[in-house]
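Asker: Below: one structure in structure tokens.
The values are calculated or read from the model by the stated rules, or taken from the named source; none is laboratory data. Here the structure is a predicted model, which is why all the values come from computation and not from measurement. Please note: Cβ atoms are built from the backbone with ideal geometry, for glycine as well, and neighbour counts cover all protein chains shown. Heads up: the accessible areas ignore ligands, DNA and RNA and are worked out on the full protein's heavy atoms, side chains in. Shrake-Rupley method; radii C 1.70, N 1.55, O 1.52, S 1.80 Å.
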Amino acid sequence: MSRKRVAILISGRGSNMVALIEAARTDDYPAEIALVVSNVSDAAGLVRARDAGIATEIIDHKPYGKDRDAFDRKLDATLQVHRTDIVCLAGFMRVLTPWFVRRWNGRLINIHPSLLPAFKGLHTHERAIAAGAKEHGATVHFVVPELDSGPIIEQASVPVLPADTSDSLAARVLEAEHRIYPLALRRVAEGRI
Ligand code: GRF
């Protein structure tokens, strides 16, 4: 079996990244995590990736200022050097340019902490509680130029409980994220979507 080479893009703690790394350790998993890229030099997830023996790259966005095209070209070149087949966004806090998104069309996936199309964007847990939602959850989807709008690969729902704070709800959703991201990547790597 030839495994797909996956790059994971992070900006922070990297718990979804760890879930993917662990899944990819199993013998029959169709993908290997070949690279972790962070735009934040001190992202906690970088340490976890290095501890797992995975190649890491830092592409600090700050020197690029407002030049998103230049940042995305550098990112694309880095992914090419590592012979990347599939890119997983996992808490990567940057909007990618339409050029980059089209270039990786069908091979670029993201995890979002809501039951899309509900609650696109940030602060999803607060917004779900404020809206009185009874159910909330997580979605893995293909990335398209419009934010949080691409075709859905996997979803999982969790209940919103009366005593929930955004933190308690976020923790419940995060467990669901760690479950569905490896399933979604498996499907994409196997071409079953
Ligand atoms: C997750 O909630 C993910 O859905 C969102 O950002 C958070 C990243 O968490 N896109 P982590 O870095 O994977 O722990």
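Asker: Helix-only mean residue ellipticity at 222 nm, the chain, DSSP H runs n ≥ 4 weighted -39,500 (n - 2.57), per residue, nearest 500. What is it? It would help to have the intermediate numbers written out before the result.
Answerer: Details: 6 runs with 70 residues, N = 193.
Mean residue ellipticity, 222 nm, calculated: -11000 deg cm²/dmol.
Asker: Starting from the Cα of D42, step 7 Å along the direction of its Cβ; do the same at H123; then give the gap between the two resulting points in nm.
Answerer: 2.6 nm
Asker: Set the bar at 31 Å for Cα to Cα. Now go through K4/K134; K74/K120; K66/K120; K66/K134 and name every pair that lies beyond it.
Answerer: Exceeds cut-off: K4/K134; K66/K134.
Asker: Here is a follow-up. Treat each spin label as a single point 7 Å out from the Cα along the C-beta direction, and report the A130 to D28 distance in nm.
Answerer: 4.5 nm
Asker: Cα axis of helix 166-190 to longest principal axis of the chain: angle in degrees, 0 to 90, nearest 10?
Answerer: So the helix axis and the longest Cα principal axis differ by about 40 degrees.
Asker: Roughly how many whole Å is it from the C-alpha centroid of region 1-77 to that of region 127-164?
Answerer: Using only Cα atoms to place each centre, the spacing works out to 23 Å.
Asker: Jot down the radius of gyration and Dmax of the chain, Cα atoms only, both in angstrom.
Answerer: 16.2, 49
Asker: Could you work out how far apart the two model spin labels at S157 and I58 are, taking each label as a point 7 Å from the Cα in the direction of the beta carbon, and quote it in nm?
Answerer: 4.3 nm
Asker: For region 1-151, with every protein chain kept in place, what is the accessible area per residue (1.4 Å probe, Å²)?
Answerer: The answer is 48 Å² per residue.
Asker: Follow-up. Over the chain, with every protein chain in place, what whole percent of the accessible area is carbon and sulfur at 1.4 Å, could you tell me?
Answerer: Details: 4890 of 9350 Å².
Here carbon and sulfur together make up 52 percent of the probe-accessible area.
Asker: Here's something else I'd like to know. Using a cut-off of 12 Å between beta-carbons, work out the net charge of the residues near A43 (Lys and Arg +1, Asp and Glu -1, A43 not included).
Answerer: After counting each charged neighbour, the total is 0.
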